[in-house]
Amino acid sequence: MFVVVGEALVDLVGQRGGRTLTAHPGGSPANVALGLARLGDPVTLKTRVGRDALGMMIREHLEAGGVRIDAGPDEDQVSTSLAIASLAAGVASYDFRIDWDVRSLLPLPVDTRCLHTGSLATVLEPGKTNVIDLMRREHDRRRVTVSYDPNVRPALMGDRAQARSDVERLVALSDVVKVSDEDLRWLYGDRSDEDVAQAWLASGPAVVVVTRGGAGLYAVAANIELHRGAIPIDLVDTVGAGDSFTSGLLDGLRRADLLGGARRDALAAIDEASLAEVVDEAALIAGITCSRPGANPPTRAELDAVSTATHPG
């Protein structure tokens with residue numbers, strides 16, 4: 001059903017200025033895959049993760065959640081990647097130690113309905129070339145829904161103008177795009193979220209969603225604009241929140257039967273009520289993740305329990 005392509009790594013998380021770090025399995029695409037699996041969606045993660053101690057931590061974490069891992073033929077020679085996350089008031093900033101030399105990603109399983117990628121997988125050489133080639137191939141074939149989250153990491157993006165051009169090129173290859181307001185601030189400065197999202201929508205995608213943290217979200221589709229307020233949460237940290245939103249967004253579109261090549265026209269014609277239902281549940285999923293440490297997205301049962309408590313009867 002879902003194929004996610006991108007990095008799986010270990011987040012070493014600690015308070016800014018502190019000396020104690022706690023290890024959490026992470027990586028944006030890996031978090032998205034885990035979120036989908038915990039919601040009950042069949043998902044394969046194509047990634048680069050070793051069989052060292054950190055790699056085994058990641059594997060056990062993902063496989064326990066139901067993710068199928070495809071680490072390629074040379075996994076025994078891979079050193080697992082690291083992200084060092086420093087927290088201040090619950091908000092994370094990152095430093096990376098990444099190995100992204102992913103080889104051929106073809107072919108996708110025949111039952112794939114959605115390909116998701118983004119983050120470092122579409123930025124770091126040498127692997128990014130194969131990832132972008134896959135996005136372009138699937139965009140041209142029109143057999144699966146292509147989903148993209150830039151998940152901007154300025155320390156690894158290089159020149160801002162070039163990064164902006166690269167992101168726009170990948171947006172145009174995608175059907176569903178999720179981006180944070182922080183990403184847009186770095187890419188576009190003071191240009192409004194609404195202006196950028198509308199421009200991105202005009203370049204090809206069917207749906208563009210901008211997440212705004214405590215300010216809610218903004219979503220656009222053909223002839224639809226949605227502004228949604230934030231869901232009240234007890235914030236522990238924001239690690240993995242955007243990835244959990246993406247999982248919820250894609251799961252909601254699947255549940256609405258709007259994924260896959262045969263449903264491209266239906267996705268492009270999504271109505272306001274359906275889009276609102278999908279993004280509201282995605283925001284709730286992200287909120288649950290923010291209420292506990294690390295990238296720890298909810299299961300379907302946990303989501304249903306919170307939904308029932310929030311909307312009894």
- Note on the structure: Sorted by chain and then number, the residues having a modelled amide H within less than 5 Å of the amide H of ASP70, at least 5 places away or on another chain, are LEU45, LYS46, THR47
- Task: Apply the Karplus parameterisation 6.51 cos²θ - 1.76 cosθ + 1.60, with θ equal to phi minus 60°, to every residue of the stretch 136-141 and state each ³J(HN,Hα) to the nearest whole Hz, in sequence, with x for glycine and proline.
- Result: 5, 4, 6, 4, 5, 6
- Rounded to the nearest Å, what's the spacing between the alpha carbon centres of the stretch 1-48 and the stretch 208-233? Just the number, please. 24
- Message: Compute a Gaussian network model of the chain, connecting alpha carbons closer than 10 Å, and tell me which residue from VAL78, VAL49, VAL209 fluctuates the most.
- Response: VAL78
- Message: Tell me the carbon and sulfur percent of the accessible area for the stretch 14-132, rounded to whole percent, probe radius 1.4 Å.
- Response: 51
- Message: Which three numbers, in whole Å and largest first, are the semi-axes of the equivalent ellipsoid of the stretch 199-280 derived from its Cα gyration tensor as √(5λ)?
- Response: 23, 14, 11
- Message: Charges on Cβ only, +1 for Lys and Arg, -1 for Asp and Glu, centred on the Cα centroid of the chain; of ALA230, LEU9, VAL176, which one is farthest towards the dipole's positive end?
- Response: LEU9
- Under a 1.4 Å probe, counting only protein heavy atoms, HIS24 has an accessible area in Å², nearest 10, of 50
- With each run of n ≥ 4 DSSP H residues scored as -39500 (n - 2.57), what mean residue ellipticity at 222 nm is computed for the chain after dividing by its residue count and rounding to the nearest 500 deg cm²/dmol? -12000 deg cm²/dmol
- Item | Karplus 3J(HN,Hα) series, Hz, for the stretch 226-241 with 6.51 cos²θ - 1.76 cosθ + 1.60 (x for Gly, Pro) | 10, 10, 10, x, 6, 7, x, 9, 9, 6, 9, 7, 9, 4, x, 5
- What accessible area per residue, rounded to a whole number of Å², is obtained for the chain using a probe radius of 1.4 Å? 41
- Message: For the stretch 15-56, which trypsin sites (Lys or Arg not before Pro) pass both filters: DSSP loop (anything but H, G, I, E, B) and at most 10 other C-beta atoms within 10 Å?
- Response: ARG19
- Message: What does DSSP give for the chain in terms of the percent of beta bridges that are antiparallel, rounded to the nearest 5?
- Response: 40
- Task: Treating only the Cβ atoms of Lys and Arg (+1) and Asp and Glu (-1) as charged, compute the dipole magnitude of the stretch 117-254 about its Cα centre; round to the nearest 20 debye.
- Result: 440
- For the stretch 37-42, just list the computed ³J(HN,Hα) in residue order, Karplus coefficients 6.51, -1.76 and 1.60, θ = phi - 60°, integers in Hz, with x standing in for Gly and Pro. 4, 5, 7, x, 8, x
- Would you work out if the chain is rounded, prolate or oblate? Take a ≥ b ≥ c from the square roots of the eigenvalues of the alpha-carbon gyration tensor; rounded if a/c is under 1.5, else prolate when a/b is larger than b/c, oblate otherwise. rounded
- Message: Give me, ordered by chain and number, the residues 5 or more places off GLY216 or on other chains with an amide H under 5 Å from its own placed amide H.
- Response: ALA230
- Task: With the full set of protein chains in place, find how many percent of the accessible area of the stretch 183-313 is carbon and sulfur; take the probe as 1.4 Å.
- Result: 51
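The values are calculated or read from the model by the stated rules, or taken from the named source; none is laboratory data. Values in this document were obtained by computation on a predicted structure and should not be read as measured data. Using ideal geometry, Cβ is built from the backbone for each residue, glycine included, and neighbour counts are taken over all protein chains shown. Heavy atoms of the whole protein, side chains included, go into the accessibility calculation; ligands, DNA and RNA do not. Shrake-Rupley method; radii C 1.70, N 1.55, O 1.52, S 1.80 Å.
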